[in-house]
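Here's the structure, in structure tokens; my notes come after.
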Amino acid sequence: MKPEQSFVRDWKSEELLPLLDKVKAGRSFESAKAAFKQTGCGQCHRFAGEGGSVGPDLAGVGRRLSLRDLMESIVLPSKVIAEGFATTEIETKSGEVVTGRVAREDDRVAVVLPQTATAQAVTIRKADIRRRELSKVSNMPTGILNTLQEAQILDLVAYLISDGNSNHTAFATGAATIPVAK
Ligand code: HEC
């Protein structure tokens, strides 16, 4: 494990939710970008023009979700599962088990995207399915913030609401305020 990825704290939503007012101003854009990279959000999420597709595109997430729901969706991923991103477990009649997100389906087949970002889509014939269940557990790992300090978590949330824009008010510093004319 790299030193910057060492364990900091098992963050709980009760500890983080009362801090949300601090997200709105005085945050660090550089720290936010680094935290996003370090925790690997981009492996699963598209954001600021790049990233994976295991989870929803995070563009505009700060407009879709309240600040509170945004924080909860990171610290408690299974509390609310984003529409269309629940994990399905399918067991075929031959005993094979495929777990992933159903990307498409029709009367004949279901196309499942396995949980790992690199795996290929699997097409399963509906006639071959023995059991099919929707999981209540998110495919987003819990404890993803546990290698971050409090300030880095707040920076990261500001980064999400800013849509990756370093000019967002959350990142404005005292030095950038308009000088008072003499
Ligand atoms: C292993 C893949 C993976 C990683 C890594 C990951 N996520 Fe997720 N994330 C998901 C999946 C899948 C969902 C959809 C299911 C759910 O809502 O929990 C999701 C949902 C979300 C949502 C809710 C989006 C919505 O539209 O409701 C947010 C916000 C989010 N993730 C932020 C993050 C952030 C920030 C990080 C990095 C700290 C991160 N995720 C890391 C897979 C991942």
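If the Cβ limit is 7 Å and pairs must be 6+ apart or interchain, which residue in region 52-63 that is over 14 Å from PHE36 (Cβ atoms) pairs with which residue that is aromatic (Phe, Trp, Tyr)?
Pairs found: PRO56/PHE85.
So in region 84-116, with the set limited to residues that are more than 8 Å from the ligand (Cβ to nearest atom) and closer than 26 Å to ASP163 by Cα, which one is modelled with the lowest pLDDT?
If we take residues in region 84-116 being more than 8 Å from the ligand (Cβ to nearest atom) and closer than 26 Å to ASP163 by Cα, then THR116 is modelled with the lowest pLDDT.
Among the residues of region 60-78, how many are surrounded by fewer than 16 Cβ atoms within 10 Å (Cβ to Cβ) and near the ligand (Cβ under 8 Å from one of its atoms)?
So the answer is 3.
I'd like the full set of residues that are on the phi > 0 side of the Ramachandran plot, surrounded by fewer than 16 Cβ atoms within 10 Å (Cβ to Cβ) and more than 9 Å from the ligand (Cβ to nearest atom), limited to region 29-59.
Within region 29-59, just GLY49 meets the criteria.
Which one of these is crowded, with 20+ Cβ neighbours inside 10 Å and farther than 23 Å from ALA35 by Cα: VAL112, VAL137?
Just one listed residue meets the conditions, VAL112.
What's the total number of residues in region 127-160 that are modelled with pLDDT under 95 and more than 11 Å from the ligand (Cβ to nearest atom)?
1
Among the residues of region 76-98, is any in contact (Cβ under 8 Å) with a residue 12 or more places away in the chain and in contact with a Phe, Trp or Tyr (Cβ under 8 Å, 6 or more places away or on another chain)?
The answer is no, given that none of the residues of region 76-98 is in contact (Cβ under 8 Å) with a residue 12 or more places away in the chain and in contact with a Phe, Trp or Tyr (Cβ under 8 Å, 6 or more places away or on another chain).
The values are calculated or read from the model by the stated rules, or taken from the named source; none is laboratory data. Not measured: the values here are computed from a predicted model. Backbone-built Cβ (ideal geometry, glycine too); neighbour counts: all protein chains shown.
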